[in-house]
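S.K.: Below are the structure tokens for one structure; questions will follow.
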Amino acid sequence: MSMSTPNDIIKRSGSMCLTIIVPCYNEQQVIFETHRRIAGVCEGVDDFDYQIIYVNDGSYDGTKTCLHDIQKKDTDHVKVINLSRNFGHQAAVSAGIDAATGDAVVIIDADLQDPPEVILEMLEKWRKGADVVYGVRAEREGETRFKLMTAQIFYRLINRMSDTEIPLDTGDFRLLDRKVVDALCRMPEQDRFIRGMVAWLGFNQVPVYYRRDARFAGETKYPFLKMFRFALDGIFSFSTFPLKLATMFGLTISAASALGIFYFLYLRLFTSNWVPGWTFMFVAILFTSGVQLIVLGIVGEYIGRIYGEVKRRPLYLVDEDE
Ligand code: UDP
Ligand code: MG
């Protein structure tokens, strides 16, 4: 007969396992330091066994060799998953999540922008019963003012448009309980916006505030365009508001044209003044065709996503793991 545990707080201590997932894309300059810091933190938690999963997301610098060395030095704790090419941060994290076996699972960037020491604080909250502990960036070092501003706008915008409340100023740095990880594994969607997916799941979610440091070394893999694309992914995957916007455009333009039609009928029927009006006509045609194209584009975004979903391709492919 299995022993049942009376409550979560007791369940969450003693001979448990912590998994840390680290997606890496061309991080050879930081990866050893990252490993030193993360392993240091994990060693400090003595009632926990731990597992660190590095997902090499198709790096073309020396990251693969570095990870191989790290793994060989600590085969008990380190697992490396080499993806077959660069699939992107969200897919790399998903690969880690699928492979994670821990009772608590932490997602952290490889560039030390998220201080590994915060994991201890996350664990404390988890022990007290939290199912998701998400990092909130109270301060951010070494980001351009432009990135901070666009991030601000983005998180506020997406929250207005979507029914899922995504906490402001969070990234993917977070701790997930086993049951949340299992739930996440049941979400096969292709356009992955993990912070939104976790918010959608529910459970007991609590924040932990931290200072986001500057990158330890190397450069960001998210230049503006990629960031913009990612932001659109967030919006289109979590909101159908753009479609409603299309309807609103359509209604407004139709109402305006109705007025126009009456006006022209009046000119045509009751005055002799109906040849002029070319300017207005051209403006109207250009304007409405512009709006139509925008609307078509919005609809296209969703169709493209539906197309991506129905292909049912795997989110990532593993080349080899060690
Ligand atoms: N990353 C990845 N695949 C990619 C791009 C980035 O696995 O295609 C990893 C990267 O190695 C880092 C994390 O995702 O660990 C966040 O990337 P980055 O620091 O470049 O983004 P930023 O913090 O500037 O938004
Ligand atoms: Mg970074």
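What follows draws every value from the coordinates through simple rules; no lab data is involved. Everything quoted here is computed from the prediction, not taken from an experiment. When we count neighbours, we look across all protein chains shown, and the Cβ atoms used for this are built from the backbone with ideal geometry, even at glycine.
S.K.: Name all residues of region 234-263 having a backbone nitrogen under 14 Å from the label point set 7 Å from the Cα of residue 280 along its Cα→Cβ direction, giving them as ranges.
M.R.: 256-263
S.K.: Something else now. Going by how many other Cβ atoms sit within 10 Å of their own, how do 150, 271 line up, fewest first? Don't jump to the answer; show the numbers that get you there.
M.R.: On the way: 150 15, 271 8.
Fewest to most other Cβ atoms nearby, the residues stand as 271, 150.
S.K.: How much length is gained if the chain between residue 84 and residue 120 is pulled fully straight, taking 0.36 nm per residue apart and subtracting their Cα-Cα distance, in nm to one decimal?
M.R.: On the way: separation 36, 0.36 × 36 = 12.96 nm, distance 3.29 nm.
Value of the extension gain: 9.7 nm.
S.K.: Using the number of other C-beta atoms within 10 angstrom as an exposure proxy, rank 243, 83, 67 with the fewest first.
M.R.: Ascending number of Cβ neighbours within 10 Å: 243, 83, 67.
S.K.: Another question about this same structure. Give the calculated FRET efficiency between residue 306 and residue 169 to the nearest 0.05, with a Förster radius of 30 Å applied to their Cβ-Cβ distance. Please report the intermediate quantities before stating the final value.
M.R.: Values: r = 31 Å, r/R0 = 1.03.
Calculated value: 0.45.
S.K.: Please tell me the relative contact order of the chain in percent, rounded to the nearest whole number, where contacts are Cα pairs under 8 Å and at least six residues apart. Could you put the intermediate results ahead of the total?
M.R.: Details: 478 pairs, mean separation 69.1, N = 322.
Result for the chain is 21 percent.
S.K.: Does region 113-166 come out rounded, prolate or oblate by the C-alpha gyration tensor, with a ≥ b ≥ c the root eigenvalues, rounded set by a/c under 1.5 and, if not, prolate when a/b is larger than b/c and oblate if not?
M.R.: Oblate.
S.K.: Right, something else. Using Cα positions and a limit of under 24 Å, work out the lysines in reach of residue 226, with same-chain residues fewer than 8 apart set aside.
M.R.: 64, 147, 311
S.K.: In nanometres, what is the gap between the two model label sites at residue 33 and residue 232, each 7 Å from Cα along Cα-to-Cβ?
M.R.: It is 3.5 nm.
S.K.: Fewest to most neighbouring Cβ within 10 Å: what's the order for 227, 197, 281?
M.R.: Exposure proxy ranking, most exposed first: 281, 227, 197.
S.K.: Could you calculate the FRET efficiency of residue 269 with residue 249 from 1/(1 + (r/R0)^6), where r is the beta carbon distance between them and R0 is 30 Å, rounded to 0.05? Present the calculation step by step, with values, prior to reporting the outcome.
M.R.: Numbers: r = 30 Å, r/R0 = 1.01.
Plugging the Cβ-Cβ distance into 1/(1 + (r/R0)^6) gives 0.50.
S.K.: Oh, and also: For residue 128, give me every one of the aspartates and glutamates with a C-alpha distance below 19 angstrom, ignoring sequence neighbours fewer than eight places off in its own chain.
M.R.: Partners within reach: 8, 46, 47, 49, 103, 117, 177.
S.K.: Still on this structure, please answer the following. Which is the longest part of the chain that has none of the trypsin sites (Lys or Arg not before Pro) sitting in a DSSP loop with at most 13 other Cβ atoms within 10 Å?
M.R.: Numbers: sites that count: 85, 128, 186, 311, 312.
Longest gap between qualifying sites, sites excluded: 187-310.
S.K.: What translational diffusion coefficient, to the nearest whole µm²/s, does the chain have by Stokes-Einstein, given a Kirkwood radius computed over alpha-carbon pairs, a temperature of 20 °C and 1.002 mPa s viscosity?
M.R.: Result for D is 96 µm²/s.
S.K.: Sequence neighbours fewer than 8 away in the same chain don't count; with that in mind, list the lysines whose C-alpha is under 28 Å from residue 125.
M.R.: 11, 79, 179
S.K.: Moving on. At a Förster radius of 35 Å, what calculated FRET efficiency corresponds to the Cβ-Cβ distance of residue 147 and residue 322, to the nearest 0.05?
M.R.: Computed FRET efficiency for residue 147 and residue 322: 0.50.
S.K.: Quick one: work out Rg over Rh on the C-alpha atoms of region 63-206, Rh as Kirkwood radius.
M.R.: 0.96
S.K.: Kindly provide the Kirkwood hydrodynamic radius of region 206-322 in Å, to one decimal, from all pairs of distinct alpha carbon atoms.
M.R.: Across region 206-322, the inverse of the average 1/r is 19.7 Å.
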